[in-house]
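Only one structure is covered here, and it is reproduced in the block below.
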Amino acid sequence: MWNLYNPRPAPPAFGAGKDVPEGRVSAARSDADFDAKFDSDMKEVTEKESDEAAKDLSVYDSSLFKALHTAFFKRIWIAGALHLCSDTLKTLTPLLNKVILTWLTNSYVYFRLSDEQKASGIIERPRGIGYGIGLAFALFVMQVGMTTGLMMRAGTIGSIFRKSLRLSGRAKLEHTVGQITTMISTDATRIDQFAAFAHFLADLLVALTRISKFLSAEELGDPYVLDESLPTAVEVDGDFTWETAGKMPMKSKGDKIKTATKEEAKTNKGRSKKLDTLPTHMGELVTETREKNSEEDKPFELKNLKLCVPKGSFVAIVGHVGSGKSSVLQSVIGEMRRTRGKVVLGGTVAYVPQTAWIRNATLRENVLFGREDDETRFREVIKACHLERDLEMLPHGEKTEIGEKGINLSGGQKARVSLARAAYSDSDIVLLDDPLSAVDAYVGKGILHQCLLSGPLSTRTRILATHVLHVLKKTDYIFIMDRGVIAEQGTYEDLVKNSSIFSSLMDEHGSLEAPEGARPQREIRTTVVDWDQSGKEVEAALMQVEERNTGAVIWDVYKKYLRFSGGFVWVPIIVCLLLLNESSQVGNNLFLGFWTGGIIEGFSQGQYMAVYAGLGVAQALFSCLLSLAFSLMCLVGSLRLFKAALKGVLGSPVSFFDTTPMESFKAEMINQFAKNEQNMNAVERVLHYTELSPEPASTTPDDPPPSWPEKGQISFTNVDLAYREGLPLVLKDVSFNVHSGEKIGIVGRTGAGKLK
């Protein structure tokens, strides 16, 4: 799996003979000579890979059934043959039982005889113990088919998981997370069941159809070509576009309009399409409207994007809002669909998104991101990213647990944690999507000098998309984006002298650099705190630990499940059907013994056959009714449990979502409902969500009148706030008044509590 922050290790001696960039990158590196050579190379590589891809597509078949048959060919047919033998033996169960009983009887009688009686030949010597073992083994050969099913199920689940990581944006619109969960939890189980019980054929066909459609869905292509021998860090030449979500299909009346549009298309082919002419009917109006909206619905594109970034350089991408700065970075890592061209990288990549992605883990784990823990390196990164004071403010330093999506961090803190994660990684190329905009000017200036220009990122290739223009003087090269194309490029000095677009950007946004005489940021006192000391133990964890009950399922769970299934009326029904089913089965076996022994006097063979057939029909009827009763009870119970659990989750206070990982209840609710709650352990887990503490009532007798508020006034008086009970205060004794019509600004350094 491709991981931005945990790439494959570099080969030995990587970096030997590496080109060292100059203090300023020459603009000549992006001249026409390079473009011509790069275009030629790209065209040759693209055509070659396209031919190879076409050959591969012609070889492979998209049938999941054929793929499973090929992968497990020997096991399927061996298990099938043994299963056939097992089923054949099952039809001969009465005869097999008679043979076993006869052998046991003869063996018992024979070995109780004296030696003289044995020698006289009164009873023939029975066969040895191996004969009995062979008869018993014949009853269990079907177990081989079950192991084959498990292997097929595991292989299918692995394929579904890997496919889900490679789906294109267009394919994700059709295959939702819920559908993928159903395929893993239910459809893959049907493959397992079919291997052991062939009567699951109908379920298997449904499952194979759904899984085959998913596995044949469109995938993302390789985001880039990694060529560590490349003299440059990034070389891009291509066109890119964002995926579109499409629109909801038209219904009823809309369908008639759509039909009318198709019918009128031929007659209107030569007619003028100008919108200043009144349409003569609805079909023409819809046609003209769609033509007008086609351009408006077109997704954002990067046209003829050409980038060349030398190794070790510091490059900036600037432009107006919506010009495509972030899209350039997205195109490099493969998040945009590449419609033409190629992306070649000369090393591994780390990406710092504009909206920081924070794991539900400790702050230290968010920075390490699964990499080896190096205390010295960690402290250097924390210092370079100006997180030292934040660690002092957090209740447990770097061991402070970060909630879902970083709820207990400010925007600036989340941005710096995301930057620290990239700085801690070993990636050769770092893509930075405006991380400095989330921090104040002084912290941003410190990060620029201590992290980007010197420190952990100083020797790497840095590509910064930003609108903080005072950093541009420190960059080696600048690309200016305008409406999805690179409008101008060059060094800072060249653009200041010759670029009208760059001049307008500087005039519009200003340099935004702190004045030279401004108060410098106060020095941060570095304190390394040992959070392992007994006095600093965690008092209240932010995220709730998943509840796990041990031992057998208690009777109270069964009672609650029966209530959800329709009440205790099911108990006598199920018990009666169980007794009748078991009675018919025992009676069938007993009567078979009477038949084989001829115990009932006066019974002919026809009468024996009629009674035995009647008992068989009764057994089949009671078994069917028992299965139907169980199915109805489980279906009603699972549906009501699902609705109650969903209502409980949706009605829970915000603190529940802040302290519970989203994956926890989504997986249990969706997965267990798909299995119809066949496992009482699953019922016990889902019942937990039906009993969650709800939010207070939405309406109370003390609610203000519907006309409230007449004026937009806000009043805080000695307010203390925490994320939930037991956690430190985030607002302490806050008092202020905002009068109607006032415009209020809230300022403070990053992490001071502005958003709170």
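Please verify whether segment 118-127 includes one or more residues that are over 30 Å from Ile76 (Cα atoms), assigned to a loop (DSSP other than H, G, I, E, B), of a type in the set (Gly, Ala, Ser) and at pLDDT 75 or above. Scanning segment 118-127, I find no residue that is over 30 Å from Ile76 (Cα atoms), assigned to a loop (DSSP other than H, G, I, E, B), of a type in the set (Gly, Ala, Ser) and at pLDDT 75 or above, so the answer is no. Candidates are the residues of segment 446-465 that are surrounded by 22 or more Cβ atoms within 10 Å (Cβ to Cβ) and β-branched (Val, Ile, Thr); the one that is farthest from the chain's Cα centre (by Cα) is Ile447. Residues that are closer than 30 Å to Ala645 by Cβ, aromatic (Phe, Trp, Tyr) and in a loop (DSSP other than H, G, I, E, B): does segment 602-611 have at least one? The answer is no; no qualifying residue exists. Of the residues in segment 668-683, none is at pLDDT 80 or above, among the hydrophobic types (A, V, I, L, M, F, W, C) and out of contact with any Gly (no Cβ under 6 Å at 6 or more places or on another chain).
Could you tell me whether any residue of segment 434-445 is free of Cβ contacts under 8 Å to residues at least 24 places away in the same chain and open to solvent by 10 Å² or more (accessible area, probe 1.4 Å)? Give the steps one after another, and end with the answer.
To start, the set of residues in segment 434-445 that are free of Cβ contacts under 8 Å to residues at least 24 places away in the same chain comprises none.
No; the residues of segment 434-445 include none that is free of Cβ contacts under 8 Å to residues at least 24 places away in the same chain and open to solvent by 10 Å² or more (accessible area, probe 1.4 Å).
With respect to the stated conditions, Val485 is farther than 30 Å from Phe656 by Cβ, in contact (Cβ under 8 Å) with a residue 40 or more places away in the chain and surrounded by fewer than 18 Cβ atoms within 10 Å (Cβ to Cβ).
Quick one: would you say Tyr108 is of a type in the set (Phe, Trp, Tyr), over 30 Å from Ala67 (Cα atoms) and at pLDDT 80 or above? Outline the logic, then answer.
Details: of a type in the set (Phe, Trp, Tyr): yes; over 30 Å from Ala67 (Cα atoms): yes; at pLDDT 80 or above: yes.
So Tyr108 fits the description; yes.
Pairs linking a residue in segment 68-85 that is closer than 21 Å to Ile160 by Cβ and at pLDDT 80 or above to a residue that is among the aliphatic types (A, V, I, L, M) and not in a helix (DSSP H, G or I), with Cβ atoms under 6 Å and 6 or more positions apart or on different chains, do not occur.
Matching residues to (1) outside any loop (DSSP other than H, G, I, E, B); (2) touching a Leu at 6+ places or on another chain (Cβ under 7 Å); (3) surrounded by fewer than 12 Cβ atoms within 10 Å (Cβ to Cβ):
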position: Pro694; (1), (2), (3): no, no, no
position: Thr699; (1), (2), (3): no, no, yes
position: Asp702; (1), (2), (3): no, no, yes
position: Trp708; (1), (2), (3): no, no, yes
position: Asn718; (1), (2), (3): yes, no, yes
position: Arg724; (1), (2), (3): no, no, no
position: Leu731; (1), (2), (3): yes, yes, no
position: Ser735; (1), (2), (3): yes, no, yes
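Tally time: how many residues in segment 435-493 are among the hydroxyl-bearing types (Ser, Thr, Tyr) and closer than 17 Å to Val381 by Cβ? The number of residues fulfilling the criteria is 3.
Taken across segment 539-548, residues that are modelled with pLDDT under 55, more than 30 Å from Asp428 (Cβ to Cβ), loosely packed, with under 14 Cβ neighbours inside 10 Å and over 35 Å from the mean Cα position of the chain (by Cα) do not occur at all. On the stretch given as segment 413-433, residues that are surrounded by 22 or more Cβ atoms within 10 Å (Cβ to Cβ) and assigned to a loop (DSSP other than H, G, I, E, B) total 2. Residues being hydroxyl-bearing (Ser, Thr, Tyr), more than 14 Å from Arg421 (Cβ to Cβ) and surrounded by fewer than 21 Cβ atoms within 10 Å (Cβ to Cβ) are entirely absent from segment 356-375. Quick one: would you say Ala420 is small (Gly, Ala, Ser) and within 25 Å of Leu226 (Cα to Cα)? So Ala420 fits the description; yes.
The values are calculated or read from the model by the stated rules, or taken from the named source; none is laboratory data. Remember, it's a predicted structure, so these values are computed and weren't measured experimentally. Every residue, glycine as well, gets a Cβ built from its backbone with ideal geometry; the counts of neighbours run over all protein chains shown. All accessible areas refer to the heavy atoms of the entire protein, side chains included, with ligands and DNA or RNA removed. Shrake-Rupley method; radii C 1.70, N 1.55, O 1.52, S 1.80 Å.
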